[in-house]
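Here the structure comes first, spelled out in structure tokens, and everything after it is commentary.
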Amino acid sequence: MPEPIDPTDLSDRTAAPSRRAVTRAAAVTGLAALLGAATTRTAGATVPRPPGWRTGRTATTTTTPAPVTRLGPRTLDVSLPSAALGRSAPVRLILPSSFDAQPTRRYPVLYLLHGAHDDHTSWTRETDIEAFTAGRELIVAMPDAGPTGIPTAWRSGPDYETFQVEEVPALLARQYRASGVRVVAGVSTGGYGAMAHAARHPGAFAAAASYSGILDTTAPGVPPLMDAIVARENLAPLSLWGNPVLNVLTWRDFNPRSRAAGLRGTPLYVSSGSGVVGGIGDWLPEALESLLWPSAHAFADTLALLRIPVTTHFYAGGGHGWAYWKREFTASWPMLAGALGVPA
């Protein structure tokens, strides 16, 4: 994690370009680049589907301890057998410093969700989350979301929503003394997951934060983006939520903006950059950030209409990457820490 940013960074809301200008820039450069990038996947690099892929699976409880790989004094990877996925899936954990010394203590949980085409190791690989949480009495859980990083119940595939919202918390309560207090934050498709999980399961999370998340899945340009993410992993077209027109009710059901009423009473943090307009010429990550800018604003506008409070940081420029996400995590940390009941 970077050093804490100056609080004036959050109060200085730089005048942003119009949404129409950003949308046009994204349509011309961002979407074309993204769809082009989706075709550059190495031929034959098909991601196999695990046995039993289908939606609607119910979480089951097992008393058999999940296999563990110890990576350090506090960090471990757990292989969790999942009925929702039809296979075992990894969860990276960072345990509290006092975990062994206080064997009866229960701890709140910070869930960190990864983005597209990444995995459960991203937060420990890209940030210093291990050092950042040292001495803070909480568990950090980083669950798998599959190759696309879209943690949802797929129409023709696994149910990552049940895995992350039900099966992983059950594991942590059973084997790692997790309390019922948990917050969720994510980057990109993980930002989608943070808001979708909190909205679709009211009260399950004490706070939620999204950094460059996909917060309105039916916004202009977003359905083709979701299709491109799926296509880049050589997964079947329409296997996510079906056709965005013919299956519009399914798309809306999994859309954080459509389910925003479920966020009432949950502290929220949303950040997003304008990307290409006001950017520095790093065209692909800036084009992607531009594409998500209207989606983030539409989500925030819906919250405003519902009179649901949200802390937003919409900044000029910025790319879709960790340099910005690390800064935004630091900015959102006081809110997350307050919900967890740990020092900021």
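The values are calculated or read from the model by the stated rules, or taken from the named source; none is laboratory data. What you see is a predicted model; the values in this text were computed from it and never measured. Note that we place each Cβ from the backbone using ideal geometry, even for glycine, and neighbour counts take in every protein chain shown. We work out accessible area using only protein heavy atoms, side chains counted, and drop any ligands, DNA or RNA first. Shrake-Rupley method; radii C 1.70, N 1.55, O 1.52, S 1.80 Å.
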- request: Report yes if some residue within region 145-158 is modelled with pLDDT of 95 or more, open to solvent by 10 Å² or more (accessible area, probe 1.4 Å), under 14 Å from the mean Cα position of the chain (by Cα) and under 26 Å from LEU238 (Cβ atoms); otherwise report no.
  value: no
message: Looking for something touching a Lys or Arg at 6+ places or on another chain (Cβ under 8 Å), within 15 Å of THR148 (Cα to Cα) and surrounded by fewer than 20 Cβ atoms within 10 Å (Cβ to Cβ) - is there at least one such residue anywhere in region 259-273?
response: no
message: Of the conditions (1) open to solvent by 30 Å² or more (accessible area, probe 1.4 Å); (2) within 20 Å of LEU336 (Cα to Cα); (3) touching a Ser or Thr at 6+ places or on another chain (Cβ under 8 Å), VAL109 satisfies every one except a single condition; which number is it?
response: (1)
query: more than 16 Å from the chain's Cα centre (by Cα) and part of a loop (DSSP other than H, G, I, E, B): does that describe ARG174?
result: no
query: If we scan region 81-103, do we find a residue that is aliphatic (A, V, I, L, M) and within 15 Å of the chain's Cα centre (by Cα)?
result: yes
- prompt: Could you list, in sequence order, the residues of region 247-257 that are in a loop (DSSP other than H, G, I, E, B) and crowded, with 20+ Cβ neighbours inside 10 Å?
  reply: PHE254, ASN255, PRO256, ARG257
task: Would you mind listing the strands (runs of 3 or more DSSP E) fully within region 68-116 where at least 1 residues are among the aromatic types (Phe, Trp, Tyr)?
output: 107-113
message: I'd like the residue in region 298-313 that is of a type outside the set (Val, Ile, Thr) and open to solvent by less than 30 Å² (accessible area, probe 1.4 Å) and, out of all such residues, is farthest from VAL181 (Cα to Cα).
response: ALA298
- request: Filter region 277-317 down to residues that are among the aliphatic types (A, V, I, L, M) and part of a loop (DSSP other than H, G, I, E, B) and give me whichever is nearest to the chain's Cα centre (by Cα).
  value: VAL310
message: Suppose we keep only residues that are under 22 Å from HIS320 (Cβ atoms) and in contact with a strand residue (DSSP E or B) (Cβ under 7 Å, 6 or more places away or on another chain) within region 115-138. Which one would you say is surrounded by the fewest Cβ atoms within 10 Å (Cβ to Cβ)?
response: THR121
- prompt: Mind checking which residues of region 83-101 are open to solvent by 10 Å² or more (accessible area, probe 1.4 Å) and small (Gly, Ala, Ser)?
  reply: ALA83, GLY86, SER88, SER97, SER98, ALA101
query: Say we look at region 328-344 and pick out the residues that are touching a residue at least 12 places away in the same chain (Cβ under 8 Å) and touching a helix residue (DSSP H, G or I) at 6+ places or on another chain (Cβ under 8 Å); which of these is least open to solvent (accessible area, probe 1.4 Å)?
result: ALA331
field: Among the residues listed as PRO224, PRO285, the single one being out of contact with any Pro (no Cβ under 6 Å at 6 or more places or on another chain) and without any contact (Cβ under 8 Å) to a residue 40 or more places away in the chain
entry: PRO285
Qualifying residue in region 179-189 (condition: touching a strand residue (DSSP E or B) at 6+ places or on another chain (Cβ under 8 Å), open to solvent by 10 Å² or more (accessible area, probe 1.4 Å), assigned to a loop (DSSP other than H, G, I, E, B) and more than 24 Å from LEU288 (Cβ to Cβ)): no
field: Answer residue from region 213-245, given it is out of contact with any Gly (no Cβ under 6 Å at 6 or more places or on another chain) and of a type in the set (Ser, Thr, Tyr) and is most open to solvent (accessible area, probe 1.4 Å) among those
entry: THR218
